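Every read-out reported here was derived from the displayed coordinates using simple, explicitly stated rules and does not represent laboratory data. This structure is a prediction, so every number in the text was calculated from the model and none was measured. Heads up, the Cβs are rebuilt from the backbone with ideal geometry, glycines too, and the neighbour counts pull from every protein chain shown.
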Protein chains: 2
Amino acid sequence: MSTTRDEIIRLAEELVLAKGFNWLSYSDISQKLGIKNAAIHYHFPTKEDLGLAIIERDRTMIAELMASWEQQHTDAIDIISELFGVYSSILQGCQVCLIGSLGTDMLTLPDAMQAELKKLVNLILIWLKKQLEKGRANGTAVFEGSSTTHAMVLLTNMVAGIQIARLHNNTKEFHTLTTHALNSLRPKDATSFPSSSTSKSIRTKKL
Amino acid sequence: MSTTRDEIIRLAEELVLAKGFNWLSYSDISQKLGIKNAAIHYHFPTKEDLGLAIIERDRTMIAELMASWEQQHTDAIDIISELFGVYSSILQGCQVCLIGSLGTDMLTLPDAMQAELKKLVNLILIWLKKQLEKGRANGTAVFEGSSTTHAMVLLTNMVAGIQIARLHNNTKEFHTLTTHALNSLRPKDATSFPSSSTSKSIRTKKL
DNA sequence: TCTATTTTACTTTTTAGTAAGTAAGTTATT
DNA sequence: AATAACTTACTTACTAAAAAGTAAAATAGA
């Protein structure tokens with residue numbers, strides 16, 4: 001139906017990822033979209049409404065991607081690598097992820113937005129945990145400690161990795177970090193459990 | 001000398017860590033300090049001046065702490081653990097670290113602030129790298145890959161770990177994460193490879 | 001026509017920043 | 001020692017711009 005509504009959310013998210021929710025203004029959006037300020041208020045009476053829509057959109061999109069990745073891959077590293085790829089392309093656009101962006105401003109956000117953000121974080125954490133456990137079960141991932149903790153490790157690598165790499169204006173830094181994270185998950189011996197897919201050798205680009 | 005100036009920086013940093021630089025306002029500070037808005041402008045003509053003072057203060061304090069830790073410890077894990085402790089106490093105050101806070105808003109910051117922030121990040125990264133290398137040399141730390149990459153791993157654990165743990169209002173989550181990070185650095189008892197993944201030596205309860 | 005969508009024109013609040021003034025203290029000159 | 005000149009550390013009282021939000025009128029599509 002209303003393409004304006006979708007355009008508003010899309011652009012608003014873009015701006016939030018680039019500059020943060022508190023910097024985002026209705027004027028920013030309306031100018032770039034060639035509409036009036038009040039048109040945004042028609043679709044999203046308050047900024048909170050807009051914020052909620054952004055998080056929900058993000059969650060929906062990520063959930064869809066995750067589901068499709070699970071169908072395409074059996075190797076845990078391949079699956080997790082897809083998520084890293086999403087983060088990598090966000091970084092290409094000189095943005096950070098929604099979790100990092102809103103996480104910083106958390107205390108200034110309305111309760112409903114905080115709750116939505118938690119849901120997004122948990123979606124990713126639980127999904128990562130699941131992939132790690134599946135990988136451990138089918139021999140495509142090796143790690144020490146609990147899957148919950150390791151999921152946190154991977155998430156923090158992404159969330160802060162993207163922030164620091166953007167600061168350094170160095171996408172390679174992020175790539176090195178995620179490659180390292182994946183490599184430490186990789187089963188070391190060639191004599192490990194036979195899996196459906198032959199895992200690639202350790203591809204250490206450059207350190 | 002001027003205690004007002006120091007109080008302004010101190011409180012401003014507190015507010016930045018809690019709510020972000022763009023949310024911070026002169027009124028916030030002046031009200032809480034019982035002074036007038038213009039008094040802050042006297043010490044810091046522009047918000048950029050204030051922002052720079054905050055980062056510089058942070059960098060000075062961290063650098064001093066780091067130097068003292070290096071004198072107190074020889075074990076790499078003990079030294080790095082001290083830095084984790086600083087982050088842990090920031091989390092106790094329901095704050096995030098300056099890197100995460102300003103990192104998110106990076107594109108909205110004046111160039112000089114971006115440059116100062118980079119210096120802060122590099123100070124920590126280089127220090128971590130140094131401790132890792134010393135640890136590897138004196139046998140108190142074991143890790144795969146380059147020290148540069150591993151320093152990034154530790155930093156991202158801290159920066160995003162504090163953000164996510166605050167979101168979950170769960171300091172234990174941060175503690176578990178950092179404990180895991182330290183444990184994976186710990187040299188395994190000389191008896192080479194344990195064949196089962198259920199070997200002891202992973203302590204997840206207390207530092 | 002009826003309804004969804006958008007604009008015009010506005011309000012209120014808050015923002016960073018400024019100009020002018022002042023009281024108290026410091027320094028320099030005699 | 002006395003006083004004039006100057007500095008420090010503020011306050012009072014403002015400005016201009018931008019923020020989110022609103023009410024009502026106009027427009028467009030079914």
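Here are the numbers for this structure:
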read-out	value
Projected area averaged over orientations for chain A, convex hull of C-alpha atoms, nm²	12.8 nm²
Choice from B:Gln131, B:Gln72, B:Gln163 with maximal GNM fluctuation in chain B (Cα, 10 Å cutoff)	B:Gln72
Gaussian network model of chain A, Cα within-10 Å springs - most flexible of A:Ile77, A:Ile90, A:Ile35	A:Ile35
Percent of Cα-Cα distances greater than 18 Å, calculated over region B:15-68	40 percent
Computed log₁₀ I(q)/I(0) - Debye formula, equal Cα scatterers, no solvent, region A:1-45, q 0.21, 0.24, 0.33 Å⁻¹	-0.62, -0.81, -1.32
On Cα atoms only, tilt of A:111-138 relative to the major axis of chain A in degrees	20 degrees
Most fluctuating residue given options A:Lys36, A:Lys129, A:Lys47, as computed from a GNM of chain A linking Cα atoms under 10 Å	A:Lys36
Helix B:147-167 vs. chain B, principal-axis angle (Cα, 0 to 90°, nearest 10)	60 degrees
Simple Cβ-charge dipole of chain B, Lys/Arg +1 and Asp/Glu -1, about Cα centre, in debye nearest 20	600 debye
Estimated dipole of the protein assembly as shown in Debye, rounded to 20 [Cβ of Lys and Arg +1, of Asp and Glu -1, Cα centre]	800 debye
Alpha carbon convex hull of region B:1-92, projected area averaged over orientations, nm²	7.0 nm²
Estimated vicinal HN-Hα couplings, Hz - region A:61-77 in sequence order (Karplus 6.51, -1.76, 1.60; Gly, Pro = x)	4, 4, 4, 5, 4, 4, 4, 5, 4, 5, 7, 7, 10, 10, 6, 4, 5
Angle between chain B longest axis and helix B:171-185 axis [Cα atoms, degrees, rounded to 10]	50 degrees
Computed over the protein assembly as shown, Kirkwood Rh from alpha-carbon pairs, angstrom	22.6 Å
